[in-house]
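Before any comments, here is the structure.
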Amino acid sequence: MAPEAAPSRSTVLGRGLTRRCPRCGAGHLFRHYFELIADCPKCGLHFEREPGYFAGALAINIMVAGGLFAVVFVALLAATIPTVPVVELLVLLVPIVVFVPIIYYPFSKTVWMAVDRAFLQRLDRNELLD
């Protein structure tokens, strides 16, 4: 049987954005909202390749939260100049800084695995043996 072709980068990244395995597309990768399982239940891909592997996920989470904060801040600032309502801005912006990293947490892990797989071309032991 011929080996299955590797999915495209856009497919791998799409899988990451939908909290699925970057290799096979299987779902249900989280035991609880904050607890990622160790291996894919379908293809067996081990997710945490080394200690500190998910530092990239932390960076992605910070970039998403910071980027959303910046876009909302600039848009609201531009819409309210010259009389900027500081208290109202804080009421809208503080929840972004607090809740977006929490909401995006599981997505940041699967997106990082997808980025790692799509762009850094990491191969696991099973693929090296094929």
- Message: What's the longest uninterrupted piece of the chain once you rule out the GluC sites (Glu not before Pro) that are loop residues per DSSP with at most 13 other Cβ within 10 Å?
- Response: 49-130
- Message: What number comes out for accessible area per residue over the chain if the probe is 1.4 Å? Units Å², please.
- Response: 64 Å²
- What residues have an amide H closer than 5 Å to that of PHE30, excluding those fewer than 5 places away on the same chain, when H is modeled at 1.01 Å from N in the peptide plane? ILE37
- Note on the structure: Hydrophobic long helices for the chain, i.e. whole DSSP H runs reaching 20 angstrom or more by Cα along the axis with Kyte-Doolittle mean at least 1.0, come out as 55-80, 86-119
- Query: Measuring from label point to label point, each 7 Å out along Cα→Cβ, what is the VAL74 to HIS46 span in nm?
  - Reply: 4.2 nm
- How much of ASP39 can a 1.4 Å solvent probe reach, expressed as accessible area in Å² and rounded to 10? 70 Å²
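The values are calculated or read from the model by the stated rules, or taken from the named source; none is laboratory data. In this text, all values refer to a predicted model and were calculated from it rather than measured experimentally. When we count neighbours, we look across all protein chains shown, and the Cβ atoms used for this are built from the backbone with ideal geometry, even at glycine. Please note that ligands, DNA and RNA were not included when accessible areas were found on the heavy atoms of the full protein model with its side chains. Shrake-Rupley method; radii C 1.70, N 1.55, O 1.52, S 1.80 Å.
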